[in-house]
Amino acid sequence: MQNDKGETLHFRAIEITDGKITIDANHPLVRKPTAEELKDQPSFTVQ
């Protein structure tokens, strides 16, 4: 898919159900970690 300027747009398919695709068009670096990803991270305190 391209925008009006002809630049390629990138999407991530996050779910396919009953012939429908749910996409995520956010930049990959702004994705928030899931609870599962955070579970094994060490906790820390900023002072």
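Any read-out appearing in this document is the output of simple, stated calculations on the displayed coordinates, not a laboratory observation. From a predicted model like this one, the values you see are computed outputs, not experimental measurements.
A straight chain from Ala25 to Leu38 at 0.36 nm per residue would run longer than the Cα-Cα distance by 2.4 nm.
Shown here: mean projected area of the Cα convex hull in nm², derived from the displayed model; of the candidates (1) 5.2; (2) 6.2; (3) 4.9, it corresponds to (2). Every helix of 4 or more DSSP H residues in the chain counts as -39500 (n - 2.57), and over all residues that averages to -2000 deg cm²/dmol at 222 nm.
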